[in-house]
1. Excluding residue 13 itself, calculate the net charge of residues whose Cβ lies under 14 Å from the Cβ of residue 13, where each Lys or Arg counts +1 and each Asp or Glu counts -1.
2. Looking only at the chain, where both bridge partners belong to it, what percent of the DSSP beta bridges are antiparallel (to the nearest 5)?
3. Please check: in the Gaussian network model of the chain (C-alpha springs, under 10 Å), which one of 91, 129, 82 has the largest mean-square fluctuation.
4. Over all alpha-carbon pairs in region 86-238, figure out the percentage whose distance exceeds 21 Å.
5. Can you pull out the GluC sites (Glu not before Pro) in region 1-109 whose DSSP state is coil and whose Cβ has at most 15 other Cβ atoms within 10 Å?
6. For region 1-107, what is the convex hull volume of the alpha-carbon atoms per residue, in Å³?
7. Gap in Å between the Cα centre of region 72-103 and the Cα centre of region 115-182?
8. Calculate, for residue 85 and residue 130, the FRET efficiency according to 1/(1 + (r/R0)^6) with r their C-beta to C-beta distance and R0 30 Å; round to the nearest 0.05.
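The values are calculated or read from the model by the stated rules, or taken from the named source; none is laboratory data. Here the structure is a predicted model, which means the values were calculated and not measured. Cβ sites come from the backbone with ideal geometry, for glycine too, and all protein chains shown count toward neighbours. Please note that ligands, DNA and RNA were not included when accessible areas were found on the heavy atoms of the full protein model with its side chains. Shrake-Rupley method; radii C 1.70, N 1.55, O 1.52, S 1.80 Å.
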Amino acid sequence: MDLGFGGEISDLYHRFRRGYPPELIRAVAEAFSLGGDDLVIDLGCGTGQLATPMARQVRAVIGVDPEPDMLARARSAALEQGVSNVGWMVGKDTDLPLLQSLLGERVGALTIGQALHWMDHETLFATAGALLRPGGGIAVVSNGIPLWLQDSDWSRALRAWLQDWLGAGPTNSCGTDEDARQRYAESMIANGFEVSQVKIDSTEELDFDHLVGGLYSSLSVDRLPPPEERAELEASLRSALDPHRPYVEDVPVRAVLGTKIT
Ligand SMILES: C[S@@+](CC[C@H](N)C(=O)[O-])C[C@H]1O[C@@H](n2cnc3c(N)ncnc32)[C@H](O)[C@@H]1O
């Protein structure tokens, strides 16, 4: 099934999705004692927001994603940043048994950034232990909350505008909410992992272009407005949001870490 992450969406992702803070990368590395001998698998790597900085901590990373356009973007972006120890593989969560038979029980961390809601996490956590080395683990990471779910006047105005435009108010939290984290933590524990959590809070002021780019990047490619309609659409959005400037976004970064107990 095409999930709509190809084509222009991969460009929008690359341009407008923020990377993870260095504290998060350090916290994952420390939790699993990652070092220069380690391998990391980043599932649902997208354009490499998590895979590329993780690669600086370890020997090599395999970024796995079903969308070839995301992987092509990830590869060029990593090389532009001087990172060449990432292999980019077309694949998905159900390929974990294959990776296990290729790599054995030698992986330091399985990371999943903003992507677990697309996967069967129960099956994933049940199979992940077989490829993790002792002391290694799973990191389920989220990077902020959707623009339309912020607790602010501009975000409420955005929700109302989206309701008019799409005919339905977006409610999807994309796995970034506390309930989802709780479910992931319980499932990790049930599969023999020791769980801890990381919380890093910050705020960021968005300009209008980043707000629109972030919004478009969260649509599937078939729902993107045609280029010739965008100027009018964006003018309407601008006038809806303008009274609520500045667009200050809360960026709660969260990680549920499951360490393999031996
Ligand atoms: C929201 S992006 C996250 C990108 C990046 N990891 C980040 O943290 O920003 C979600 C990614 O998950 C990928 N994806 C969707 N279903 C997947 C699956 N079953 N297995 C692996 N990746 C999947 C999509 O192609 C997309 O690139």
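1. Charge balance near residue 13 sits at 0.
2. Just about 50 percent of them are antiparallel.
3. 82
4. Across region 86-238, Cα pairs with separations above 21 Å total 56 percent.
5. Loop-located and lightly packed - 105.
6. With only Cα atoms used, region 1-107 gives 98 Å³ per residue.
7. When both Cα centres are located, 22 Å separates them.
8. Between residue 85 and residue 130 the formula returns 0.80.
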